[in-house]
Amino acid sequence: MIYISVSIFLIVTSALCLYRGIFGPTVFDRVLAINVIGTKTTVIIALIGYYFSQVSLFVDIAIVYAMLNFIMTLVIGNYLEKEMR
Amino acid sequence: MNQFIDIIAMIFLIGGAFFFLVGTIGLLRFPDFFTRMHATGKGDTLGAGMVLFGLALQASDLLTAIKLILIVIFIFIANPTATHVISKAAYKSGVSPWKKEDKN
């Protein structure tokens, strides 16, 4: 009961965060919004694993997605710094 | 003893969800890019740490709890580093900070 309600709350919050991803004045606002949505997604994956009682599978997926989110933010930050000069 | 750990884990889950909400409200309402990064960098990292720690308290075996603690340590190192890289790229390309005089 507690797992599914926190998951729905986090999904609604990350959909609110999409507003800054579309209407952000600069391109850096959009990169920041995608980083926030990625962090929320790792937490939602772990919570869904607890809800469906298959904990060991979904925790492994959450580890991989956290690393993927970090690498993507670093790569696009490095590209924007070299491109905007 | 089991019910005591359940209540503490529920407190961690609800507190983590509250910090996520506060960080996203800061992302929507702040006037400048650097102030928005303050809100999300702090609130998001702390909220994720609290929710995953509350899940690790309710794990059925020890290996799952160790994996969740590893995710928490990785997020505590990775999120501020990514914030620093984005902030440096924004400063180098000319985004100017918000001053108190321009009221918009």
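Bear in mind that the values in this text are calculations on the coordinates, not laboratory data. Model, not experiment: these values are computed from the prediction. All Cβ positions, even for glycine, are placed from backbone atoms using ideal geometry, and neighbour counts span all protein chains on display.
A few notes on this one:
- Computed over the stretch B:31-96, relative contact order equals 35 percent, with contacts defined as Cα pairs under 8 Å that lie 6+ residues apart.
- For the protein assembly as shown, the spread of Cα positions along each principal axis, largest first, Å: 56, 32, 23
- Among A:LEU10, A:LEU18, B:LEU55, sorting on how many other beta-carbon atoms sit within 10 Å of each Cβ, with the fewest leading, yields A:LEU18, A:LEU10, B:LEU55.
- Taking the inverse of the mean 1/r over every pair of distinct Cα atoms in chain A gives a Kirkwood hydrodynamic radius of 14.1 Å.
- Max mean-square fluctuation residue, GNM over chain A, Cα-Cα springs under 10 Å, options A:VAL43, A:VAL64, A:VAL31: A:VAL64
- Start at zero, step by 5 Å, and the Cα-Cα distances of chain B spread as 2, 12, 17, 18, 16, 11, 9, 6, 4, 3, 1, 0 percent across the bins.
- From least to most packed, judged by other beta carbons within 10 angstrom and beginning with the fewest, A:ARG20, B:ARG29 follow the order B:ARG29, A:ARG20.
- For the stretch A:52-66 and the stretch B:3-33, distance of Cα centres in Å: 21 Å
- Residue pairs exceeding 23 angstrom between C-alpha atoms, taken from B:LYS67/B:LYS88; B:LYS42/B:LYS88; A:LYS40/B:LYS67; A:LYS82/B:LYS88: B:LYS67/B:LYS88.
- By the count of other C-beta atoms within 10 Å, a proxy for reagent exposure, A:THR42, B:THR64 are ordered fewest to most as B:THR64, A:THR42.
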